[in-house]
Amino acid sequence: MTDIVPPIARFREVLSKDLRRRYFATYTDTAVTLAFAALVLWVLWGLLDWAIADAVFSADGREACFQTEGACWSVVTNRWRIILFGLYPFEEQWRSAIACITMVIVIALSCLPWFWNARRLPLLWISGFASFYILMRGGLFGLTPISEREWGGLALTVFIFAAVSLIGMPLAIVFALLRRSSLPWISRIMALVIDTIRSLPLLTIMFTFALVLPFVLPGWAIGDTLYRVIIGYALFFACYQAEIIRGGMQALPAGQEEAAKALGLGYWHRVGHIILPQAFRNALPPTINQFVITFKETSLVTIIGFFDVMASGRAASGTAEWSFAVIEVYVFLALIFFTFTFSLSRYGAHLERRLSVGRR
């Protein structure tokens, strides 16, 4: 015990000195710190009072909501199926729930180092996404067919995110390799394509693929609106991610590729075993950030007419019975997005510390 106490005491001393230096160095710093701390405590107390102490949680608490100043979580208790499953048939919503859980498990397994392999990771995502699609679409294994127009809620949001990631990442690698091609006409054309798409708003690309393409494509190539939007979004994702990967490639010492050539390694061996692994390691922080942005921007499909989790939330509070509980519904939706994006960002920070990247 005597060997442990001195380090703890030193840590406390350093911490107290750091706190005094940062927040209590002068009388002005002390006054500002105390005032800001009081403001934060006051806001937190008000939020806890509204969200928990005076809130109504029971499913039959609609009338009680008018008698309290707290949150009316009864709208979530009563309308959670619409928020999470949207227009999906009621008796088949178990399929949508299992499909979402499947993709969450796939994302969680992707965080394990054992799957960081050029074969295991694609196989995991392809098999997980195929399971998700079969559960949602049906038509196999005795499952009732359900068209994409009946999909909605959180399941549709997860589907768009997973599809964009699955299509966009391989496409981004191809774009990055073409962008740094030694043939000028290939690299310049690819640079023009990437810069053009990156200069356009995502919503413009979605509208183009959803509404304009059917007028210029032959009938057999039109397909469903949802898949056209996903392809457009994946193209947008790939162009941004391609520049991130290319930046990771440019950070590599030039001598590594030259040494690989001197050893007689072919192009694909150099790319697959030397360049790309280190490029992804260097580009890890912006890559995680790009995935976070991609998940959040799936809500833009609402404008095109898809019933994603945001549209489902508006529908849940859009009736005369629950029109007064709009704030509670949006807080619940914010918690859903926060759970996904914060978990992803924390995992990215963990990887940065583990791999010692993103720090200079």
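The values are calculated or read from the model by the stated rules, or taken from the named source; none is laboratory data. Not measured: the values here are computed from a predicted model. Here Cβ is always computed from backbone atoms with ideal geometry, including for glycine, and neighbour counts include all displayed protein chains.
For segment 33-62, give me each residue that is of a type in the set (Phe, Trp, Tyr), closer than 14 Å to TRP73 by Cβ and part of a helix (DSSP H, G or I).
If we filter segment 33-62 for residues that are of a type in the set (Phe, Trp, Tyr), which is where we start, we get 36, 42, 45, 50, 57.
Next cut, closer than 14 Å to TRP73 by Cβ only: 50, 57.
Scanning segment 33-62 gives a single hit, TRP50.
One residue is enough: does segment 282-292 have a residue meeting the conditions assigned to a helix (DSSP H, G or I), in the same structural domain as ILE173 (by TED's automatic domain parsing), free of Cβ contacts under 8 Å to residues at least 60 places away in the same chain and aliphatic (A, V, I, L, M)? Yes, segment 282-292 contains at least one residue that is assigned to a helix (DSSP H, G or I), in the same structural domain as ILE173 (by TED's automatic domain parsing), free of Cβ contacts under 8 Å to residues at least 60 places away in the same chain and aliphatic (A, V, I, L, M). If you go through segment 201-222 and pick out every residue that is modelled with pLDDT of 80 or more and small (Gly, Ala, Ser), you end up with 1.
I'd like to know if segment 146-165 contains one or more residues that are in a loop (DSSP other than H, G, I, E, B) and in contact with a Pro (Cβ under 9 Å, 6 or more places away or on another chain). There is at least one residue in segment 146-165 that is in a loop (DSSP other than H, G, I, E, B) and in contact with a Pro (Cβ under 9 Å, 6 or more places away or on another chain). With respect to (1) modelled with pLDDT under 85; (2) in a helix (DSSP H, G or I); (3) loosely packed, with under 15 Cβ neighbours inside 10 Å, the lone exception for ALA325 is condition (3).
Just to be sure, is VAL301 assigned to a helix (DSSP H, G or I) and touching an Asp or Glu at 6+ places or on another chain (Cβ under 7 Å)? Yes, satisfied.
Within segment 166-178, no residue that is at positive phi sits with its Cβ atom under 7 Å from a residue that is among the hydrophobic types (A, V, I, L, M, F, W, C) at 6+ positions apart or across chains. Taken together, the residues in segment 68-118 that are in contact (Cβ under 8 Å) with a residue 24 or more places away in the chain, in contact with a Lys or Arg (Cβ under 7 Å, 6 or more places away or on another chain) and in the same structural domain as ALA155 (by TED's automatic domain parsing) amount to 0. Within segment 112-124, being in contact with a Ser or Thr (Cβ under 7 Å, 6 or more places away or on another chain) and farther than 14 Å from PRO277 by Cβ holds for one residue alone: LEU124. When GLY247 is tested against (1) buried (at least 16 other Cβ atoms within 10 Å of the Cβ); (2) of a type outside the set (D, E, K, R); (3) under 31 Å from the mean Cα position of the chain (by Cα), just one condition goes unmet, and that condition is (1). For segment 77-117, filtered to residues that are outside any helix (DSSP H, G or I) and among the aliphatic types (A, V, I, L, M), the residue that is surrounded by the fewest Cβ atoms within 10 Å (Cβ to Cβ) is LEU112. Applying a threshold of 7 Å to beta carbon distances and a minimum spacing of six or more residues, or different chains, the list of pairs starting in segment 208-233 at a residue that is assigned by TED's automatic domain parsing to the domain that holds MET169 and crowded, with 16+ Cβ neighbours inside 10 Å and ending at one that is among the aromatic types (Phe, Trp, Tyr) and not in a helix (DSSP H, G or I) reads LEU226/PHE306. Go through ASP60, ASP18 for me and flag whichever is at pLDDT below 85, under 30 Å from PHE332 (Cβ atoms) and surrounded by fewer than 14 Cβ atoms within 10 Å (Cβ to Cβ). On inspection, the qualifying residue turns out to be ASP60.
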